[in-house]
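The next block holds one structure in the form of structure tokens; read it before the comments.
Every number here is computed from the coordinates shown, using simple stated rules; none is lab data. All values derive from a computational prediction rather than experimental measurement. Please note: Cβ atoms are built from the backbone with ideal geometry, for glycine as well, and neighbour counts cover all protein chains shown.
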Amino acid sequence: MLKPLSRTVFSAGLVLSLVPAAVLADPTTVTEVPAVEGELILDGVPDEDFWAKAAQIELVYETQPAENAKAAVRTTAYLADNGREILLAFRAEDPDPSKIRAFLRDRDSLWQDDFVGFSIDTFNDQRRAFEFFANPLGAQGDLILDGASGEEDSSWDGLWDSAGQINSSGYTVEIRIPYSTLRFQKSAGPQIWGVDVLRFYPRDNRYRLSNNKLVRSNNCYLCGLSKLRGFSAATPGRDLEITPTLTARYGQQRQPGQSWQGDGGDAEFGVDVKWGLGPNSTLNATLNPDFSQVESDQAQLDLNTTFALFFPEKRPFFLEGADYFNTPNNVLYTRTVADPDAGLRLTGRNQEHTYGVFAAQDASTQILIPGVFGSQFRFLDQGSTAAAGRYRYDFDGQASIGAVSTLRSGDDYQNFLGGLDGRWQSGSHTLVGQWLSTRTENPADMGLPDRQDGDALFASYDFSNRNWNFNAAHISFDEGFRADLGFIGQVGYDKSVVGGGRTWHGADGAAINRARLNGDWDITHDESGRVLEREIEAYFSVNGPRQSYFELGGLSRDRLWNNQLFPEKWLSFYSEITPRSGLSLGGFVRKGDQIDYANTRLADVVNFEPWINMNIGKGVDARISHSHQKISRDGGDLVTAGLTDLRLSWQLNLRQRLRLSAIWQDIRRDLALYDQPEHFDTRTRDLGLQFLYSYKINPRTALFAGYSDGRFANDQVSGLFNSDRTIFMKLGYAWQPE
């Protein structure tokens, strides 16, 4: 099923997510990167003598929104090699420097600013690229780009340095990337690396400037990067990093009418080790880690759904190298590993081979129990071993085959998953397939069959060129299928989907630079052949001035619930716009008929979700989102709910940040409209607060300290009652031997 595009795509701003195209570069174009001597004084001003000897690359093309037009502003990049690091500098000219968009940012938060950097394919095999970017104040963003899927992963954090300064003619940036941060083949002579040098220039539109042309009719980005030659003395080094950590926490809880209870302070030492076993493999190990996340999840309303909510992983040990384990289905969801005592991960690439192995000993066991009509998380009162392995073989950049396996095992419980997958891409055509099989042995007290077995099949075909796209897929999951280390919430069904769309590109300089119409039809059956869902939907969207995006959509479907087919219909509208530097806002609204799952009725549902992101000065960032939902039927409002999520940050400088998070939820119900009112309160309110201070020298040498508490009210507790409070501190130091 198609999903309405949401603000996560546009606000996150990952560099290639809006560029389904291939670089067009002359393969004979090779830039020689000279070896230089001298020490870089990292101040954002490229005035050292060796910059005069550096290779110069001009960013002459505007590749978005225009297609390979002449860049409206001049940008010159400088590249050099001092034997230990890549040295990179930019002179970004601007006709009106007062319009430069640059704020003090936390890492990977600069995507709405002006910024410069590059994508670099150090193996020159079109399979993976490192991406490094910095804004005019030196704030950093880095990503890993997977050449096969085109997906970018911002969870990777390399150790590198940057600085920038705004001046009367634009801005300048300096970047220093140690070779130990990269992966590449060690060579006795010059190396050839692929490169795309980039500048993002957000004004009325978000302009993408490059040294390479970009064609919209081809989907392979890394296939034709221009080349760099040099780096003869580059060596990956020992690439050993040892990070001891100290975590301290003191928490208290209480119930209404009772005094505060706590187990006293808790302090734990741990250690993380990262060891590069050569240029192709990395071993990560952790002992007694603190796997709690520092910052709270984005809030979600859970009012009228039968499936468990998905929350993204935020813990660094699991995030690094996560792309090595990607498959067409989400068979590895590491947030189910809730409280590990130790963990081990090996990831690597060697020519056509990509592999990853992961294992952890978990003190608790959290699993997702899927079903035909819903899913829920369950906890087993026992520890378990969690393990996963992934292997992929790539053929000449256009095809790959892979295998995956996961294991969750406890005292009287075990879940095993194994599978094969493949991918083929040629020009505008992409085929993807996966077969999975699982075997589960359940504890006697779970209320499930002693043993469950099941298979799953996934097959899809996609066609996409400059103006047209088409997709067809078939998905099948047996009712006994369980991926206990993954996030697959629905089983016992098969689904077929066919869809397509048309894209129109505006002329260079036009107010509307892109419009798109897309839709699909799908049908889902259970294992007995009953129709679970029959659906048709369509969306029309435009990209316009002020980096605006508008999307109108509609859906009509029949959905089975409690042996009845209900006709659901709704219309939706999404919009976002950046009216000026440091301010973006938007919202989503949906209205229509939807099943009231608690009472097996058809109800009128309204969703309204406005949001605003605002910068105040250079360092203060405010992000406010609100979700309002109302479900009405039989002349009354069954439930009315509001959820407000406020994140207020003050970036004191590039290393220090203060952050306040407040999440407020208020739910009101008319119990006269419920078949089983005894399961609900007339009104519930919840307030979660968190105050956090962070000092980061680099992603792994950092101090976090903060306070959080939770408050609630319901029919039995009239005022907001403070039920838990915690103070916490985490200190990590990344040590790298010479």
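Before anything else, pin down the relative contact order of the range 7-230: Cα pairs under 8 Å, at least 6 apart, normalised by residue count, whole percent. RCO, the range 7-230: 31 percent. Here the range 280-491 was treated as a single set of alpha-carbon atoms; its pair distances binned every 10 Å from 0 give 8, 30, 34, 22, 5, 0 percent. Couplings for the range 56-72, taken from phi via the Karplus curve 6.51 cos²θ - 1.76 cosθ + 1.60 with θ = phi - 60°, read 10, 10, 8, 8, 9, 10, 9, 9, 8, x, 6, 9, 6, 7, 5, 4, 7 Hz in order; Gly and Pro are left as x.
As a ratio to 2.2 N^0.38 Å, the alpha-carbon radius of gyration computed for the range 491-622 takes the value 1.38. Put simply, the amide H of T365, placed in the peptide plane, has neighbours under 5 Å in L380, Q382, leaving out anything fewer than 5 places away on its chain. For the chain, a crude dipole built from +1 on the beta carbon of Lys and Arg and -1 on the beta carbon of Asp and Glu, taken about the Cα centre, is about 1620 debye to the nearest 20.
As an equivalent ellipsoid, the range 7-230 spans semi-axes of 23, 22, 17 angstrom, where each value is the square root of five times an eigenvalue of the C-alpha gyration tensor, largest first. Only Cα pairs under 8 Å and 6+ residues apart enter the sum, and on that basis the relative contact order of the chain stands at 10 percent. Around the amide H of R530, modelled in the peptide plane, lies no amide H under 5 Å away from a residue 5 or more places distant or on another chain. For the range 448-543, the list of trypsin sites (Lys or Arg not before Pro) that fall in a loop by DSSP and count at most 16 other C-beta atoms within 10 angstrom reads R466, R530. Amide H contacts of L638: I631, S632, R633, each under 5 Å away and 5 or more positions distant or on a separate chain (H built 1.01 Å from N in the peptide plane; Pro and chain starts excluded). Computed 3J(HN,Hα) for the range 554-565, one whole-Hz value per residue from the Karplus formula 6.51 cos²θ - 1.76 cosθ + 1.60 where θ = phi - 60°, is x, 9, 9, 8, 9, 10, 8, 8, 6, 6, 10, 8, glycine and proline marked x. Derived scalar couplings between HN and Hα for the range 163-179 equal 7, x, 9, 8, 9, 6, 10, x, 7, 10, 9, 10, 9, 10, 10, x, 5 Hz in order, rounded to whole Hz, by the Karplus curve 6.51 cos²θ - 1.76 cosθ + 1.60 (θ = phi - 60°), x for Gly and Pro. For R725, what charge total do you get from the other residues with a beta carbon under 10 Å from its beta carbon, if Lys and Arg give +1 and Asp and Glu give -1? So the surrounding residues net to 0.
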